[in-house]
Every structure is written in C-alpha cells, then in structure tokens.
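Visitor: Got a structure for you, written out below as structure tokens; questions coming shortly.
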Amino acid sequence: RSALKIVHPSSVTRRSDKELLAMDVDIIMTGLKLSQEEQLKATARIVGDDRKEPMRASRNHRDRGRKAEAEYGQNVPPEEVLNMPFGLSGLKQAPTAEAVGAAMDSLDSLGPRSRGRGGSSFSSLAASDVEYHTFSHSVPQVVRSIHARAIAFAAFALSQEELGQLFAFKKGGGIAGYVLDCVEECVAVAAVGMMDGYEHLDELTVEQAVQITANISALQSSLPCLFGTIMRGLCHTGMVRADQVEETFQYADSTLKGADKSCDTQVGSMYSLVYEICRNKLDMLINFSLENFQWVSKSARDMPNAYCESLIEYMRSTFTCLAPMDEGSRAGLHFSCCGHVAERLVKLLTDNPDPSKPDKPDGTVEKESGKGGLSPINKIDAYGIKNLSLDVAEFENFADSTGVPQLGECFNELKCLATALLDRDLPSLLQPENENARRRKYPFLSLDKVCNVLEKYVGSGINIGDKFLGSSRKNDEFLMLERKEISQLVRVIKMQINS
C-alpha cells in the first residue's frame with residue numbers, strides 16, 4: 001500500500017488499487033467497527049455456553065485474599081488470581097437471610113446429637129466451602145476477550161502508524177485515544193451481548209435473569225482495573241506521547257465513565273426484567289388462588305388462607321435466588337414484590353366491582369374478561385375481614401424474617417384497613433367530631449376505601465346503635481355490623497367526603 005501511494009495517481013491503476021487506497025483513509029475507524037462486531041460475536045458465543053449459575057469460589061482464592069488483607073491492609077488490592085482477572089476474585093456473594101435460614105433448617109434436621117458433636121464443622125463448612133462468586137463462568141472469559149481485543153487493536157493501530165499512516169488528530173492523546181475508544185465500545189457491546197437471545201419473558205427464569213444482571217454488574221466492577229491495565233500498556237509501548245500524558249489520562253477517565261454508564265443501562269434494564277418476571281408470577285398466583293375465593297366466610301379461621309401461604313412460599317424461594325445481586329438491588333426487589341402483593345389485595349378489597357356481573361352470595365370473584373386479572377370483590381363479611389387480618393399478620397411475619405429493614409411496612413395500608421374494620425370503636429371514630437382521634441389511631445386509613453368496603457359488607461352480628469347513645473354495652477371479640485348500621489355509617493362517611 002505504501003508503494004502504491006508513490007506511483008498513484010501518476011500511473012494507470014487497477015480498480016482494486018483505488019479501493020485499497022480509499023480504505024486507507026478511514027482504516028482506523030474500520031478497525032474499530034470490526035472490533036465491536038467481533039466482540040459481540042465472541043460474547044454471544046461465550047454466553048451461549050454458560051449455564052448461568054454462580055461460579056464457586058476456590059479456597060485458595062479466599063485464603064490469598066485474606067492473607068493479603070492481613071499483611072497490607074484493606075487499601076492494598078489482593079494479588080491477581082489466575083483466570084480471575086481485574087479484581088473479579090473479590091466479588092463474592094453475601095449470605096442472605098433466606099439462605100441462612102435454609103442452612104439452619106438443614107442443621108436442625110440433623111438432630112441434637114449431630115449438632116452437638118459437629119456443629120463447629122458445619123459452621124466452618126458454611127463459611128469456607130459453600131461460598132460463591134456473584135458471577136458465572138462466562139464473565140472472566142468475556143473480560144479477557146475484551147482485554148485481548150484491545151491489545152490486538154492497539155498493535156494494529158501502532159503498526160499502521162509505523163507504516164506511515166497518518167491518523168486524524170483525536171482529542172485525548174492521538175492514537176491512544178482510539179485504543180481507549182475501542183475498549184469503551186467493546187465493553188458496551190459485551191454488556192448487550194450478555195442479554196442477547198432472551199427476547200421473550202417465558203424463556204427466562206428468575207434465577208437466570210438475576211444471574212445475567214449480576215454478570216453485567218461484575219463486568220462493570222472490573223472496568224477500573226481493566227482501564228488501568230490498558231493505560232499501563234499504552235505507556236509502556238510508547239503510544240502515550242510525553243506532551244499528552246495529562247490529556248490522555250483525562251480521556252481515559254471519560255471513556256471509563258462511558259463504559260460504566262453502558263453497563264449501568266443494561267443492569268437497569270435487567271433489573272426491570274427481573275421484577276417483571278416476579279410480578280407476572282405473583283399475578284398468576286393471585287389470580288389462580290383467589291378466583292372463586294369465598295370472602296363471605298361465616299366463620300373465623302385459626303391459620304392463614306392457602307393463597308397467603310402460596311404467595312409467601314413463592315416470594316421466599318425467589319428472594320433466595322437474589323444472592324448474586326448487590327444489597328441495594330436485593331432490598332429493592334423485596335420491597336417491589338411485597339408492595340405489589342399488598343397493592344393487589346387492597347385494590348381487590350376496595351375497588352368498585354363490575355356492575356355488569358351478578359352478585360354472588362359467597363362473595364366469590366371472577367376473572368375480568370380480556371384482562372386476565374380479577375374483578376374486585378362484591379361481598380365480604382366480618383369473618384372474611386377477620387381472616388384477611390390473619391393473612392396480613394402472616395405477610396408481616398414473613399417480611400420481618402427476611403432481615404430487610406422496614407419491609408413489613410409494605411402491608412401498612414392493608415393492615416390498617418383490616419384492623420379498623422374489626423375495631424369495635426370504628427363507628428365512633430367515623431363520626432366527624434372524632435376525626436383527629438381516628439387519624440391518630442389509623443394514620444393510613446382512607447375514608448373512601450372504608451366506604452367502598454362497607455358498601456360490600458354483608459351484615460351480621462349485634463347492633464351498634466347503643467354506641468351512638470353512649471352505652472357501655474359489651475360487644476363481641478371484633479366488630480360485626482347489621483345492614484341498617486352499615487347504611488348509617490356509609491351516609492356518615494359520604495357526608496364527610498363531600499363536605
């Protein structure tokens with residue numbers, strides 16, 4: 001190509017020679033494009049062979065990290081581990097409350113004799129041999145492929161420069177800037193490649209989606225070490241000019257931020273996908289469990305309803321799968337799932353029923369045609385509310401067992417509504433002059449929603465007219481209303497709403 005430049009265009013040339021010289025003008029950008037395409041193909045191939053399971057941490061890796069921390073302190077990074085480049089060896093899962101609970105259940109099943117003799121050995125087993133990285137086996141290979149492609153592109157660019165190729169001036173240190181662009185773009189396409197092949201939600205389980213999210217996060221965590229290694233290599237090979245050192249390092253910081261942002265985008269997209277999978281499964285369980293559910297119970301239960309236990313069991317198993325994710329993401333999914341369950345139940349209880357559907361005496365609900373969801377309930381009695389309060393208590397106990405602070409508050413509105421409707425003092429608290437007392441006792445209570453529930457209330461029990469007369473007549477364990485009393489309370493509430 002260099003010889004061709006000498007004789008061209010003074011001599012007759014072939015068409016292929018002209019095309020070769022035309023490519024010469026933009027050859028560095030052609031190399032960048034090819035690097036991206038090759039990286040995307042390589043990532044897809046690596047991820048395609050991955051089982052999307054957390055990679056088990058070797059004892060040697062852990063011992064080496066602890067030894068380095070003991071000798072040099074926390075500010076000195078541990079020695080690089082073979083096949084765990086750029087700090088990946090330090091990315092380990094933190095045990096979740098669900099996993100610890102499962103381990104304790106396993107120990108309990110061994111019996112007191114086994115626990116007494118081998119308790120310490122089982123503890124050490126949980127601490128040393130059952131430890132996993134947050135990422136799967138594909139991540140180290142993807143990171144190494146990005147590093148190898150950056151080296152190949154740098155060698156290509158350097159060889160072109162040595163052959164006399166003049167590249168357009170680039171802000172950020174000349175030829176080194178192009179190499180840094182290559183790394184940034186390869187990271188961006190690798191993050192996208194880790195998600196490829198899963199266009200339909202039915203193809204992904206929660207475990208797989210969580211692992212993909214954790215893999216992209218692991219790639220993101222390796223970026224500072226990766227860019228630092230690339231910059232050292234550029235300096236050693238003389239690709240960073242002495243008069244552009246400061247500018248080149250500033251450009252390296254900007255490309256690092258760009259690569260980090262690309263990973264952030266994909267992590268956010270995968271997080272939304274994980275929640276969508278969980279939400280769809282919760283909706284399916286709610287629709288299946290509560291279709292034709294009898295809300296007019298006529299008797300109180302001493303244990304939670306079956307739908308409550310099935311929802312808790314699903315959330316427990318799902319939360320156990322979140323170990324590869326960071327603590328903030330795990331807590332966010334806990335709140336999203338519990339909040340969704342609470343919101344669905346509140347809507348089911350308080351929304352206005354479809355007037356076109358006939359009322360059923362037992363308060364059963366049907367699926368909404370064309371929507372795949374459930375219609376709001378049209379009837380409920382005091383026992384149905386009492387049983388619901390038992391379910392809410394079970395949801396709160398589960399939320400507290402996860403170890404996520406304040407998770408039980410997701411059910412505050414539902415708890416407040418159920419508790420208020422069972423409170424024997426509710427008729428008095430609903431009076432306009434007792435508004436402040438009602439707000440102090442039930443801060444999350446909405447008069448609109450109370451009114452909607454009372455309009456579905458199936459009257460039974462004793463008369464509460466004496467309450468309005470100041471009588472101290474003793475009532476049952478929880479509030480039970482008659483039809484006339486319900487109508488009177490509905491009028492009192494609507495007067496306050498409309499005033």
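Visitor: Plugging the Kirkwood radius over Cα pairs into Stokes-Einstein for segment 245-296, at a temperature of 25 °C and a viscosity of 0.890 mPa s, what D comes out in µm²/s?
Guide: On the way: Rh = 14.7 Å.
The estimated diffusion coefficient comes to 167 µm²/s.
Visitor: Another one. When the chain is fully extended, how far beyond the present Cα-Cα distance does residue 34 get from residue 487, taking 0.36 nm per residue of separation? Mind showing how you got there, number by number?
Guide: Working: separation 453, 0.36 × 453 = 163.08 nm, distance 7.51 nm.
That works out to 155.6 nm of additional length.
Visitor: Among 426-433, 221-228, 274-281, how do they line up by average Cβ neighbours within 10 Å per residue, starting with the highest? Walk me through the numbers on the way to the answer.
Guide: Numbers: 426-433: 16.1, 221-228: 19.4, 274-281: 17.8.
Ranked by mean Cβ neighbours within 10 Å, highest first: 221-228, 274-281, 426-433.
Visitor: Next up: Quote the FRET efficiency, to the nearest 0.05, computed for residue 292 versus residue 94 with a Förster distance R0 of 51 Å and r equal to the Cβ-Cβ distance. Numbers along the way, then the final one.
Guide: On the way: r = 43 Å, r/R0 = 0.84.
The pair residue 292/residue 94 has a calculated efficiency of 0.75.
Visitor: So, R0 is 35 Å and r is the distance between the beta-carbons of residue 437 and residue 327; what FRET efficiency does that work out to, to 0.05? Intermediate values should be presented prior to the final figure.
Guide: On the way: r = 41 Å, r/R0 = 1.16.
In this case the efficiency is close to 0.30.
Visitor: A further question follows. log₁₀ I(q)/I(0) of segment 370-427 at q = 0.14, 0.24 Å⁻¹, via Debye over equal Cα point scatterers, no solvent, to two decimals?
Guide: -0.51, -0.97
Visitor: Further question: Under a point spin-label approximation (7 Å from Cα along Cα-to-Cβ), what is the residue 152-residue 448 distance to one decimal in nm?
Guide: The answer from the label model is 6.1 nm.
Visitor: Now a separate question. Can you compute the modelled spin-label distance between residue 284 and residue 159, with each label point 7 Å from Cα toward Cβ, in nm?
Guide: The modelled label-to-label distance comes out at 5.3 nm.
Visitor: Between residue 253 and residue 335, how high is the FRET efficiency from 1/(1 + (r/R0)^6) when r is the Cβ-Cβ distance and R₀ = 35 Å? Nearest 0.05. All intermediate terms of the calculation are to be shown ahead of the outcome.
Guide: Details: r = 34 Å, r/R0 = 0.98.
Efficiency, from the Cβ-Cβ distance: 0.55.
Visitor: Another question about this same structure. I need the fraction of alpha carbon pairs in segment 396-442 separated by more than 17 Å, rounded to a whole percent.
Guide: Working: 497 of 1081 pairs.
Summing the P(r) of segment 396-442 above 17 Å gives 46 percent of all pairs.
Visitor: With a bin width of 5 angstrom, please list the P(r) values of segment 214-254 as percents of all Cα-Cα pairs, from the 0 bin to the one holding the largest distance.
Guide: 6, 21, 26, 20, 11, 8, 5, 2, 0
Visitor: Sort 249-257, 490-498, 381-389 by the packing proxy (mean of other Cβ within 10 Å over each peptide's residues), most packed first. Could the numbers behind the result be given before it?
Guide: Numbers: 249-257: 17.3, 490-498: 12.9, 381-389: 22.7.
Taking the mean over residues of other Cβ atoms within 10 Å, the ranking is 381-389, 249-257, 490-498.
Visitor: A follow-up question, please. Kirkwood hydrodynamic radius for segment 210-342: how many Å is it when counted over pairs of different Cα atoms?
Guide: Details: mean 1/r = 0.0536 Å⁻¹.
One over the average 1/r among Cα pairs gives 18.7 Å for segment 210-342.
Visitor: In nm, give the distance between the simple-model label positions of residue 272 and residue 83, each being 7 Å from the Cα along the Cα-to-Cβ direction.
Guide: Reported label-point gap for residue 272 and residue 83 is 3.7 nm.
Each reported figure results from applying straightforward, stated rules to the coordinates on display, with no laboratory input. As the structure is a prediction and not an experimental result, all values here were calculated from the model. Virtual Cβ from ideal backbone geometry, glycine too; neighbours counted across all protein chains shown.
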